[in-house]
1. With each run of n ≥ 4 DSSP H residues scored as -39500 (n - 2.57), what mean residue ellipticity at 222 nm is computed for the chain after dividing by its residue count and rounding to the nearest 500 deg cm²/dmol?
2. Would you mind calculating the relative contact order of region 1-111 from Cα pairs under 8 angstrom and at least 6 residues apart, reporting the percent as a whole number?
3. Along the charge dipole of the chain, pointing to its positive end and built from +1/-1 on Cβ of Lys, Arg, Asp and Glu, which listed residue (Met116, Ile30, Val44) has its Cα farthest out?
4. Return the FRET efficiency for the residue pair Thr82, Asp21: r is the Cβ-Cβ distance, R0 is 35 Å, and the value is rounded to the nearest 0.05.
5. Describe numerically, in nm with one decimal, the distance between label points set 7 Å from Cα along Cα→Cβ at Thr128 and at Ala28.
6. How would you classify the chain from its alpha-carbon gyration tensor, with a ≥ b ≥ c the square roots of the eigenvalues: rounded for a/c under 1.5, else prolate if a/b is greater than b/c, otherwise oblate?
7. Could you work out how far apart the two model spin labels at Ser8 and Leu154 are, taking each label as a point 7 Å from the Cα in the direction of the beta carbon, and quote it in nm?
8. Rounded, prolate or oblate: pick one for region 104-163, where a ≥ b ≥ c are the square roots of the eigenvalues of its C-alpha gyration tensor, a/c under 1.5 means rounded, and failing that, prolate if a/b is larger than b/c, else oblate.
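Readers should treat all values here as calculations from the given coordinates under stated rules, not as data from a laboratory. Computed from a prediction, not measured in an experiment: that's the story for all the values here. Cβ: placed from backbone, ideal geometry, glycine included. Neighbour counts: every protein chain shown.
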Amino acid sequence: MKLEMKDSPGQLVAAIKPISDVGGNIIAVIHQREPDQDTDILDVQIVLELPEGRLEKLIVLLKEQGVHIQRIGEERLLYKRTVILIGHLMHTDLSDTVDQIDSTGYAEVCELSMSMPAVNERSSSRITIKALSKTDMESALAILRKVAKKKDLLMIEPLGEIA
């Protein structure tokens, strides 16, 4: 949620308390006051989890506290997994590898970092994938395993359950 409220003592608490009142869990609060900004309005972003069916009640409670809701977003890709690929990633078209995941509609590559020691040497890439469900994540990883095998890339996966 992106919220707008008066920049005065106690207003942030007025925005956070209703989340607790409806059984929500606050994951992060992003609040940065701009020192050169001459306004009494404060923008706050709150990342939270809510039990099913509690959003409408939260909206009512926030409005009662004088908090204006600028935007409500919903994260649909809840499962995240990071893998390492090692090999000639650029020569085997890394964008094609990413597209194979992104084109599924249920998973996407959300982070990618790469190390390339030299033109003719193998590179490594850290790839983070997000998916709708555990089953979708396993399907996305199966696609990546198949692509890695076809392109002669080593894929290193963390041990443990998909979370």
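1. Working: 4 runs with 47 residues, N = 163.
-9000 deg cm²/dmol, from helical runs alone.
2. Numbers: 113 pairs, mean separation 34.7, N = 111.
Reported as a whole number, the value is 31 percent.
3. Selected residue: Met116.
4. Details: r = 35 Å, r/R0 = 1.01.
That pair, Thr82 with Asp21, gives E of 0.50.
5. 0.8 nm
6. Details: a/c = 3.67, a/b = 2.14, b/c = 1.71.
Cα axes put the chain in the prolate bin.
7. Using points 7 Å along Cα→Cβ, the separation is 6.2 nm.
8. Details: a/c = 2.11, a/b = 1.87, b/c = 1.13.
Here region 104-163 falls in the prolate category.
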